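Worksheet for the structure shown next.
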Amino acid sequence: MQVKLALPKGRLLSPTSRLLQNAGLDLNGYDGQSRSYRPQCPSFPGLFLKVFHEKDVPIQVAIGNYDLGICGLDWIEELMAKYTSSALVKVRDLKYGRSSLCVAASKRSPLRSIEDLGSKAGAVCLATEYPNLAESFALRLRLKRFKVFPLWGAAEAYPPENADLALVSLPAGSPLDGGLHPLSSILSASAFLIANRGSWESKDLSPVLQCLYSAGNVDEAEGESVAGQPDRTEETPAGHPFCDGDLWLGLPDGHQQGPTLELLSKAGIAVWEQPGSPRRPTTNMDGVSIKMVRPQDMPVQVANGNFDLAITGEDWLYDHLYRFPGSPVKEILKLGVGKVRIVAVVSNKLPVDSPQGLRELLRKNGLSALRIASEYTSIADRYARDNHLSPYRLIPTWGASEAFLPEDADLLIENVQTGRTLAQHDLKIIDIMFESSACLVGSTNSVGGGSKLKRMKRIIQALRRTVNESGKE
């Protein structure tokens, strides 16, 4: 009998690998250097392993695609806060990967304690990757009015201008962002072993469980989390003073950060990181304030008026506009860096090479629904409708999307640069949807005085000149 175990990428990968080694499950292909999503366990041939983004693990276990999984308690509780009858069983605290979920406010905010929230005029706005837990937190406090801003990440950058509070995860020993102070710790988390309730009740999982139970604790040097404790940073770091009249420019973090900063430098726009507050760099442009956040979040932040200008990918702009056709966000300038193709991908084992082939497969095989996995849920939804791929079911992912094919999805809508990674995972492109690169976006609803408009035009002109010069080289 096969037992399926979902494993985490990212921060929990190394300690989880040590746990499995201690359990006598010597894996091939589960380490920081491996690009495989299917580690092999020669000593346990009945064990099927798959590597996912940590946030995807509890979902995959809950819907029954996997019998067991390992992930952080924070993502388990985030799922169960919304789906209280979820088919998840919390089997064992593995006691590594410790972290805290901390509610924090800006040091420049008048909110100094949880009690202050009750007397705040207007709605309390919470920015977070954990929208379900944020809503539960607000309901427990019986806040009269509140809003939750779901984000892909970088919640610590949003208070005080764009949110009152940030609900953030702090790995043990990691300090809070220098511009924030903690109000409350709402959850102490660590890695957990979880199971699907149906598998728990009907399958013999004991051989795998006995191995994991015998592994003991993973030796991990961790400090104490600072969430809910006195703030370590006494003063907001010195730097550019943020003014209400400033032009707000959103810049992307992650792999887009380097090319973006290089382009800005060529345009004469210098950006310097602030010690203790990396999300709020300074610049040589007077009257301009900068935040670095996830490119996925840029379009909605521009639409909400939180940024006057922002640099994101055309892929994320289109995904936003497909979902909100009336959004005021518009593309101002193609920047020509960070080029990728948005493609439709299937397993090489699937005998199709086009969307028409998928339609034929649906018709002949009588599939209950075509499973489509993607980070771009709106683009994927539009692609399925435009290509008449009904019935279909969307599977939102948070990275490591290649792992879903072919066992957990039939079609993947993904971005690629060369396609080599897809080939390494025995996947093939059956359709190229469009090419995406970084772009400068703004809002059709932009308002502001003459000085702000002048700063906006200066940035646009500097970037346009640089893009045009690069095109001539």
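Report the residue count in the range 357-383 for those that are part of a helix (DSSP H, G or I) and touching a residue at least 24 places away in the same chain (Cβ under 8 Å).
Counting residues in the range 357-383 that are part of a helix (DSSP H, G or I) and touching a residue at least 24 places away in the same chain (Cβ under 8 Å) gives 11.
Name, by its number, the condition in (1) surrounded by fewer than 20 Cβ atoms within 10 Å (Cβ to Cβ); (2) at pLDDT below 95; (3) closer than 29 Å to Asp426 by Cβ that does not hold for Tyr37.
Evaluating Tyr37 over (1) surrounded by fewer than 20 Cβ atoms within 10 Å (Cβ to Cβ); (2) at pLDDT below 95; (3) closer than 29 Å to Asp426 by Cβ leaves (1) as the failure.
Of the conditions (1) under 15 Å from Pro159 (Cα atoms); (2) polar (S, T, N, Q); (3) touching a Phe, Trp or Tyr at 6+ places or on another chain (Cβ under 9 Å), Ser277 fails just one. Which one is it?
Unmet condition: (3).
Counting just the residues of the range 159-175 that are surrounded by 22 or more Cβ atoms within 10 Å (Cβ to Cβ) and hydrophobic (A, V, I, L, M, F, W, C), which one comes out nearest to the chain's Cα centre (by Cα)? Working first, answer last.
If we filter the range 159-175 for residues that are surrounded by 22 or more Cβ atoms within 10 Å (Cβ to Cβ), which is where we start, we get 159, 163-170.
Narrowing the set further to residues that are hydrophobic (A, V, I, L, M, F, W, C) leaves 163, 165-168, 170.
Details: Ala163: 19, Leu165: 19, Ala166: 15, Leu167: 14, Val168: 13, Leu170: 15 Å.
So, considering only residues that are surrounded by 22 or more Cβ atoms within 10 Å (Cβ to Cβ) and hydrophobic (A, V, I, L, M, F, W, C), the one nearest to the chain's Cα centre (by Cα) is Val168.
As an exercise: evaluate Lys349 against (1) of a type in the set (Lys, Arg); (2) out of contact with any Asp or Glu (no Cβ under 9 Å at 6 or more places or on another chain); (3) in contact (Cβ under 8 Å) with a residue 12 or more places away in the chain and give the number of the one condition it does not meet.
Looking at each condition in turn, Lys349 falls short on (2).
Which count do you get for residues in the range 14-34 that are without any contact (Cβ under 8 Å) to a residue 60 or more places away in the chain and either surrounded by fewer than 19 Cβ atoms within 10 Å (Cβ to Cβ) or among the β-branched types (Val, Ile, Thr) (or both)?
Of the residues in the range 14-34, the ones without any contact (Cβ under 8 Å) to a residue 60 or more places away in the chain are 14, 17, 21, 26-34.
Adding the requirement that they be either surrounded by fewer than 19 Cβ atoms within 10 Å (Cβ to Cβ) or among the β-branched types (Val, Ile, Thr) (or both) leaves 14, 21, 26, 28-29, 31-34.
Here the count works out to 9.
Which of the residues belonging to the range 406-423 are touching a helix residue (DSSP H, G or I) at 6+ places or on another chain (Cβ under 9 Å) and not charged (D, E, K, R)? Show your work before the answer.
Taking the range 406-423 first, the residues touching a helix residue (DSSP H, G or I) at 6+ places or on another chain (Cβ under 9 Å) are 408-416, 421-422.
Matches in the range 406-423: Ala409, Leu411, Leu412, Ile413, Asn415, Val416, Thr421, Leu422.
Yes/no per residue for (1) over 19 Å from Ser199 (Cβ atoms); (2) touching a Ser or Thr at 6+ places or on another chain (Cβ under 9 Å):
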residue: Gln21; (1), (2): yes, no
residue: Leu25; (1), (2): no, yes
residue: Pro45; (1), (2): no, no
residue: Glu54; (1), (2): yes, no
residue: Val57; (1), (2): no, no
residue: Ala62; (1), (2): no, yes
residue: Leu68; (1), (2): no, yes
residue: Asp74; (1), (2): yes, yes
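Determine if the range 407-420 includes at least one residue that is at positive phi, small (Gly, Ala, Ser) and not assigned by TED's automatic domain parsing to the domain that holds Lys334.
In the first step, residues of the range 407-420 are kept if they are at positive phi; the result is 419.
Applying the additional criterion that residues be small (Gly, Ala, Ser) yields 419.
Adding the requirement that they be not assigned by TED's automatic domain parsing to the domain that holds Lys334 leaves 419.
Checked the range 407-420: at least one residue is at positive phi, small (Gly, Ala, Ser) and not assigned by TED's automatic domain parsing to the domain that holds Lys334.
Condition first: loosely packed, with under 13 Cβ neighbours inside 10 Å, farther than 23 Å from Gly313 by Cα and out of contact with any Pro (no Cβ under 9 Å at 6 or more places or on another chain). Can you find one or more residues in the range 389-401 that meet it? Break it down stepwise before answering.
Keep residues of the range 389-401 that are loosely packed, with under 13 Cβ neighbours inside 10 Å, which gives 390-391.
Adding the requirement that they be farther than 23 Å from Gly313 by Cα leaves 390-391.
Imposing the further condition that a residue be out of contact with any Pro (no Cβ under 9 Å at 6 or more places or on another chain) reduces the set to 390-391.
Yes, the range 389-401 contains a residue that is loosely packed, with under 13 Cβ neighbours inside 10 Å, farther than 23 Å from Gly313 by Cα and out of contact with any Pro (no Cβ under 9 Å at 6 or more places or on another chain).
Only one of Ala400, Ala369, Ala380 is at pLDDT 95 or above and either touching a strand residue (DSSP E or B) at 6+ places or on another chain (Cβ under 9 Å) or of a type in the set (Ser, Thr, Tyr) (or both); which?
On the way: Ala400 fails: at pLDDT 95 or above; Ala369 fails: at pLDDT 95 or above.
Going through Ala400, Ala369, Ala380 in turn, the sole match is Ala380.
Pro42 passes all but one of (1) touching a helix residue (DSSP H, G or I) at 6+ places or on another chain (Cβ under 8 Å); (2) without any contact (Cβ under 8 Å) to a residue 60 or more places away in the chain; (3) of a type outside the set (D, E, K, R); which number fails?
Pro42 satisfies all of (1) touching a helix residue (DSSP H, G or I) at 6+ places or on another chain (Cβ under 8 Å); (2) without any contact (Cβ under 8 Å) to a residue 60 or more places away in the chain; (3) of a type outside the set (D, E, K, R) except (1).
Could you please find all residues in the range 327-352 being under 19 Å from Asn387 (Cα atoms), surrounded by fewer than 23 Cβ atoms within 10 Å (Cβ to Cβ) and among the β-branched types (Val, Ile, Thr)? Step through it out loud before you land on a result.
Residues of the range 327-352 under 19 Å from Asn387 (Cα atoms): 341-347, 350-352.
Those left that are additionally surrounded by fewer than 23 Cβ atoms within 10 Å (Cβ to Cβ): 341, 343, 347, 350-352.
The answer is Val343, Val352.
Is it true that Phe137 is in a strand (DSSP E or B), of a type outside the set (Gly, Ala, Ser) and buried (at least 17 other Cβ atoms within 10 Å of the Cβ)? Please lay out each step first, then the result.
Values: in a strand (DSSP E or B): no; of a type outside the set (Gly, Ala, Ser): yes; buried (at least 17 other Cβ atoms within 10 Å of the Cβ): yes.
Taking the combined requirement at face value, the residue does not satisfy it.
Quick one: would you say Val124 is touching a strand residue (DSSP E or B) at 6+ places or on another chain (Cβ under 7 Å), farther than 22 Å from Ser401 by Cβ and not assigned by TED's automatic domain parsing to the domain that holds Val208? Don't jump to the end; show me each part of the working.
Working: touching a strand residue (DSSP E or B) at 6+ places or on another chain (Cβ under 7 Å): yes; farther than 22 Å from Ser401 by Cβ: yes; not assigned by TED's automatic domain parsing to the domain that holds Val208: yes.
Yes; evaluated as a whole, the condition is true for this residue.
Just to be sure I understand, how many residues within the range 327-343 are more than 21 Å from the chain's Cα centre (by Cα) and not in a loop (DSSP other than H, G, I, E, B)?
6
If you take just the strands (runs of 3 or more DSSP E) that sit entirely in the range 144-208, which of them hold at least 3 residues that are of a type in the set (A, V, I, L, M) and modelled with pLDDT of 95 or more? Let's see the steps before the verdict.
Numbers: elements: 146-150, 165-171, 180-189, 191-196.
So the answer is 165-171, 180-189, 191-196.
The values are calculated or read from the model by the stated rules, or taken from the named source; none is laboratory data. Everything numeric here is computed off the predicted structure, so don't read it as measured data. Glycine also receives a Cβ, built like all others from the backbone with ideal geometry; neighbour counts cover every protein chain displayed.
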